[in-house]
Amino acid sequence: MSDSKGGGMKRDFMQATDKNPSCIMPEKLTLDSPLKFECHPGVSCFTACCHNITIVLTPYDILTLRRRLNLSAHEFITQYTEPIYLEKTDMPGVQLKLTGEKQGCPFVTQEGCTVYADRPTACRYYPVGMADFHGAGQEGGEEKFFFLVKEPHCKGFDELKQWTIREWRADQGVDVRDEMNKEWLRLVMRRKSFSLQASLSESAQRMFFMATTDLDHFRRFVFESSFLQTYEIDPEIVERIRHDDEALMHFSFKYLANTLFGAEGMSINKEKIKEKVKVMQQEQEKNLRQIEEEYKQLKAEREAQRQKAEARKQS
Ligand code: SF4
Ligand code: SF4
């Protein structure tokens, strides 16, 4: 069950710098920088780092893990995760729920990681962190560099295996994950850059949570509500997202960027806009008629009161 490289990640790839900045080596690395490191069942610290740890799950992590476990998104979320807010924002997400006295990852055994081939992104990153300022929500001027996170208990640095950062990342499957996660991460970072001054409405938070943690639910939302009548979506895309989870996941990021931040890429059906304008006009007219009616009534009441007072004076 366990892979020969077992152990895995030992920090939250979204929060490591907040958690333990002293473990970060103060050197900017490139893809060609050397790395001496190996993690395998022979290291004395094997699986130590799969305990007492925060593993935030990305939407793609959830998709690959629940596929591996043959669970629906809802089953996976309720069984293996707990809710959190992402990166100190008001955007809801999930992290792995630790278990037992030792507060271990639910997938760790003495032999290693039981979901190794599908382990979360966070588990693939250690010990090479990446800073990506483009991903942090700044348009243009992308700056990407790498750094080492060297935790004292990790004996992987005493091993002799040599890599370049590029080779290490390819071996860990990080590049693929980065590609799958980047639009989601951009949404979170964009939200973070707004700070909490204008908080997300509860319905926006619910939508974000549903779309990023439960693709089954999001698919029902797309295909079983008035969604497809409301938005103009290329029929080819509609067919793709009907069955293809990865395509649906990318589509959900686009939809969220549009609804939460007004990003381009989704257009509302013109007929729907006309319908909406018509309904708003009708509402406005109804309100105006009501106000007029109330004004007339008030006027009539005043007149009746005036006439009564006049009659009393004359009698
Ligand atoms: S998923 Fe695997 S590698 Fe990651 S913390 Fe759990 S046991 Fe360790
Ligand atoms: S070598 Fe490092 S990454 Fe591997 S199990 Fe030990 S602490 Fe974890």
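Computed from the coordinates by the stated procedures, all read-outs in this text should not be read as laboratory data. Keep in mind it's a predicted model, so treat the numbers as computed, not measured. Positions of Cβ are backbone-derived with ideal geometry, glycine not excepted, and every protein chain shown enters the neighbour counts.
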Cβ-based charge dipole, the chain, positive-most Cα from M210, L65, T99: M210
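Where in the chain lies the longest segment free of chymotrypsin sites (Phe, Trp or Tyr not before Pro) that are both loop residues by DSSP (not H, G, I, E, B) and have at most 16 other Cβ atoms within 10 Å?
On the way: sites that count: F133, F194.
Of all site-free stretches, the longest is 1-132.
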Label-point separation in nm, F194 to A131, each point 7 Å along Cα→Cβ: 2.6
Dipole moment magnitude, nearest 20 debye, region 161-215 about Cα centre, only Lys, Arg, Asp, Glu C-beta charged: 220
Calculated from backbone phi, Karplus (6.51, -1.76, 1.60) coupling profile of region 109-124 in Hz, x at Gly/Pro: 10, 4, 7, x, 8, 7, 10, 3, 5, 10, 4, x, 4, 4, 6, 8
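Find how much the distance from K182 to R306 grows on full extension, using 0.36 nm per residue of separation minus their present alpha carbon separation; answer in nm with one decimal.
Values: separation 124, 0.36 × 124 = 44.64 nm, distance 7.26 nm.
Here the segment from K182 to R306 would lengthen by 37.4 nm.
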Within a Gaussian network of the chain (alpha carbon springs, distance under 10 Å), most fluctuating of E159, E294, E283: E294
Rh (Kirkwood; distinct C-alpha pairs) - the chain, Å: 23.0
Additional length obtainable on full extension of the chain from C45 to E202, 0.36 nm per residue less Cα span: 52.2 nm
Value of D in µm² per second that Stokes-Einstein yields for region 206-268, Kirkwood Rh from Cα pairs, at 25 °C (0.890 mPa s): 209
Furthest towards positive pole of dipole, T78, L228, V277, structure part the chain, Cβ charges: V277
Qualifying lysines (Cα of each under 17 Å from Cα of K254; at least 8 residues distant if same chain): K182
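Taking 0.36 nm per residue of sequence separation and subtracting the Cα-Cα distance, how much length would be gained by fully extending the chain between R240 and K278, in nm to one decimal? Before the final figure, lay out the partial values.
On the way: separation 38, 0.36 × 38 = 13.68 nm, distance 3.32 nm.
Going from the current span to full extension adds 10.4 nm.
If you place +1 on the Cβ of every Lys and Arg, -1 on the Cβ of every Asp and Glu, and leave all else neutral, what size is the dipole of the chain about its Cα centre, to the nearest 20 Debye? Could you put the intermediate results ahead of the total?
Numbers: 46 positive and 49 negative charges, 237 e Å.
Here the chain has a charge dipole of around 1140 debye.
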Whichever lysines have a C-alpha closer than 23 Å to that of K278, once near sequence neighbours (fewer than 8 apart) are set aside: K270, K286
Cα-Cα P(r), region 271-315, percent of pairs per 5 Å interval: 5, 20, 11, 13, 9, 8, 9, 6, 7, 4, 3, 3, 1, 0
Amide H contacts of I55 (H built 1.01 Å from N, under 5 Å, at least 5 apart or other chain): L96
The chain: angle of helix 245-261 to the longest principal axis, Cα-based, in degrees nearest 10: 50
Nearest 10 degrees, 0 to 90: helix 174-193 Cα axis against the chain principal axis: 40
Total charge dipole magnitude, region 206-268, about the Cα centre, Cβ charges on Lys, Arg, Asp, Glu only, Debye to nearest 20: 240
Residue-averaged 222 nm ellipticity for the chain, from DSSP H runs of 4+ at -39500 (n - 2.57), nearest 500: -15000 deg cm²/dmol
